[in-house]
Structure formats: C-alpha cells, structure tokens
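For reference, the structure is listed below as structure tokens.
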Amino acid sequence: MQNIVDNQIHQRVAVVSIGRSGTSLFARILHDVLGVDFGLEVHHIPRNHNNPDGYFENAEFLAFNDRILQLADGWVLSPPPINYMTLLAQPVRHALVDDAKQLLMKYAGDKPSFGWKDPRLSFTLPIWRAACPDLIPIIAFRQPTSVLSSIAAQLDQPINSILPLWFLYYQYVFAYTIGMRRCVVSFDNLLGNPLPVVMQMAAHLNIRVDESVAAQKLSQIVKPHQPRHTSAENTSNGSSLLDTNTKKLYEYLRDRADAGLQPTEGALDELISN
C-alpha cells in the first residue's frame, strides 16, 4: 500500500499520553498502516512481557526526556512545575532545545514523515515544541480506571496511591498543546472499531490511504479480545474511586470521540483548570 502525505514537508508526529493508554498500538498503526516512520526497532527500547509487540519508543529520546525531567525537578510519576520552562536557566533551556533538534536531525533527517512516542512527552513537550514548532500531537486516552489499575499492577502498588495521575497527565498534555494541530483519539474506540479511528488520524495528517487495505492490516494488528493487563482492569475498585475532575474530563473526551468530534479548546481549558 502506498501512503501519500498531501501538502506536508517533513511532517513530525508525537504520540503523547499517559502510559498504558494504547500508545504503542497507536504508534504501530501510524508506522505500519499510515506510513509514519517511527525508526528502526534496533533503536527502540526492547520488547518485554508487558509489551510483546514492541513499544516503538526510541531509547535515546527516552533517555533525553528523563534528563529534561531531572533538570525540571520531575519524573514520570510526578510532573515538574507546569511552568518549568520559565524556571530553567536560559542556557539550560537553550541547550535542551538544541539537543532535541539534534536528535530529530539524527533520526528524522529528511524523512517526509517521522514519529516518536514516550509517556514522558506529556511533561517534556515544551522542549520538543520549541525544537519543532510544527509538531503534530496524537493524544490517546483510555478509561482512567483501566489505565491506573494497569500502572498500579506494573508498580505493584495499590491503585489508590496513584489516583490523581490520570488527570495530571492530561492537564499537562492539553495545557502544553494549546494552539497545536492536535488529534485526540480513544483507545477504547480503537479496540471496538479501529477503522474509523485510523481514518480520522489519516485525515488529520493529510495521509491518503486505501480503506480496504487499511482494514485488512488492522485486522492483523488490533486484537480487541486480547487487551493487556486484563486482570488489573477487572479491579473491583471501579470508577467510584475517581475524583470529579477526572470523571468530567474523561466523560467529555469520551463523548466527543463517540461523536467523531475533536475536543474544543475552550471546553478543555475549563476542564483542566479545575
């Protein structure tokens, strides 16, 4: 299948979301079905039992994101101050942006389209946005209890210890992507009916793709009856543990996705400012 990117030169795409939200699957679909180059697997962090199909995460990008978070006084389970770009010393900030540009030059080069992913991007996006102003964020979301129970299972911690994490991630993601050409997509909808979700991404990225060929490829990639961490998702805690802000934001994103619509900036601003 030949994918054609219309009116785009050096299109750059980042999958930005909290972990366990289907980001690896979205990256694989972008790479295998829509032709967005996520690089060679030899440059990715290795597959493991948590993700046997691969993470599609460039190891050098991940290490760089960890360095940003360390300098910004945060880490993957604890965001830095949301305005950390203004708190970093100017030489440090400029050096980080230059390093991000160098990484993109090294791995993306002159490729017509290139993508990368890492949950840390939710917090480090300001550096990448400064390095690549035309960056297009693909923002995946998933039912919060499923995400949190899966992360808790990985950490061997009770879900109660990380309940604020889902809202925090998306609060940062949506604050950092204001004014960008973002595309918000539902992992749950992808599992239930993948083709419309993928065609929505294709349209957003101006990629022409044959629907029948895309559907055939998706049938080999998306396995709706084999979600990972099923035992974790079947936790008895349920959504009753979630705070009001998390519930409101998720319900808004879900309702918009179910209607085939993108969230509006005004509504998001109101929901993440609570």
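The values are calculated or read from the model by the stated rules, or taken from the named source; none is laboratory data. Treat the numbers as computed from the prediction; the structure is a model and nothing was measured. All Cβ positions, glycine included, derive from the backbone under ideal geometry; neighbour counts span all protein chains shown.
Below is a table of values for the structure above.
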quantity	calculated
Condition broken by PHE123, with the remaining ones in (1) over 20 Å from the mean Cα position of the chain (by Cα); (2) buried (at least 20 other Cβ atoms within 10 Å of the Cβ) satisfied	(1)
Region 84-109, subset of a type in the set (A, V, I, L, M, F, W, C) and free of Cβ contacts under 8 Å to residues at least 12 places away in the same chain, residue nearest to GLN11 (Cα to Cα)	MET105
Residue tally, condition within 17 Å of LEU253 (Cα to Cα) and out of contact with any Cys (no Cβ under 8 Å at 6 or more places or on another chain), over region 128-147	8
Tally, over region 154-171, of residues that are surrounded by 23 or more Cβ atoms within 10 Å (Cβ to Cβ) and touching a Pro at 6+ places or on another chain (Cβ under 7 Å)	1
Residue in region 207-224 that is modelled with pLDDT under 95, touching a helix residue (DSSP H, G or I) at 6+ places or on another chain (Cβ under 6 Å) and surrounded by fewer than 18 Cβ atoms within 10 Å (Cβ to Cβ) present	yes
Candidates ILE151, ILE136 - the one that is within 30 Å of SER240 (Cβ to Cβ), among the hydrophobic types (A, V, I, L, M, F, W, C) and crowded, with 17+ Cβ neighbours inside 10 Å	ILE151
Check on CYS183, under 21 Å from ARG254 (Cα atoms), surrounded by fewer than 22 Cβ atoms within 10 Å (Cβ to Cβ) and of a type in the set (A, V, I, L, M, F, W, C)	yes
Residue list for region 129-145, restricted to those being in contact (Cβ under 8 Å) with a residue 60 or more places away in the chain, closer than 22 Å to ALA100 by Cβ and of a type outside the set (D, E, K, R)	CYS132, LEU135, ILE136, PRO137, ILE138, ILE139, ALA140
Test: ASP99 is outside any loop (DSSP other than H, G, I, E, B) and of a type in the set (Asp, Glu)	yes
Failed item, numbered, when ASP255 is tested on (1) loosely packed, with under 12 Cβ neighbours inside 10 Å; (2) in a loop (DSSP other than H, G, I, E, B); (3) modelled with pLDDT of 95 or more	(2)
Check on PRO46, at pLDDT 95 or above and loosely packed, with under 15 Cβ neighbours inside 10 Å	no
Hey, GLN157 part of a helix (DSSP H, G or I) and either over 23 Å from PRO263 (Cα atoms) or modelled with pLDDT of 95 or more (or both) or not	no
Cβ pairs under 8 Å, 6+ apart, first in region 9-32 and more than 19 Å from ALA100 (Cβ to Cβ), second β-branched (Val, Ile, Thr) and assigned to a loop (DSSP other than H, G, I, E, B)	GLY19/VAL76; LEU25/VAL222; ILE29/VAL222; LEU30/VAL36
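Every residue, every condition in (1) part of a loop (DSSP other than H, G, I, E, B); (2) in contact with a helix residue (DSSP H, G or I) (Cβ under 8 Å, 6 or more places away or on another chain); (3) of a type in the set (Lys, Arg), yes or no:
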{"position": "VAL13", "(1), (2), (3)": "no, yes, no"}
{"position": "SER17", "(1), (2), (3)": "yes, yes, no"}
{"position": "SER21", "(1), (2), (3)": "yes, yes, no"}
{"position": "ILE29", "(1), (2), (3)": "no, yes, no"}
{"position": "ALA63", "(1), (2), (3)": "no, no, no"}
{"position": "PRO91", "(1), (2), (3)": "no, no, no"}
{"position": "ALA95", "(1), (2), (3)": "no, no, no"}
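Here is a yes/no grid of residues against (1) farther than 14 Å from ARG120 by Cβ; (2) of a type in the set (Asp, Glu); (3) surrounded by fewer than 19 Cβ atoms within 10 Å (Cβ to Cβ):
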position	(1), (2), (3)
ASN50	yes, no, yes
ILE68	no, no, no
LEU77	no, no, yes
THR86	yes, no, yes
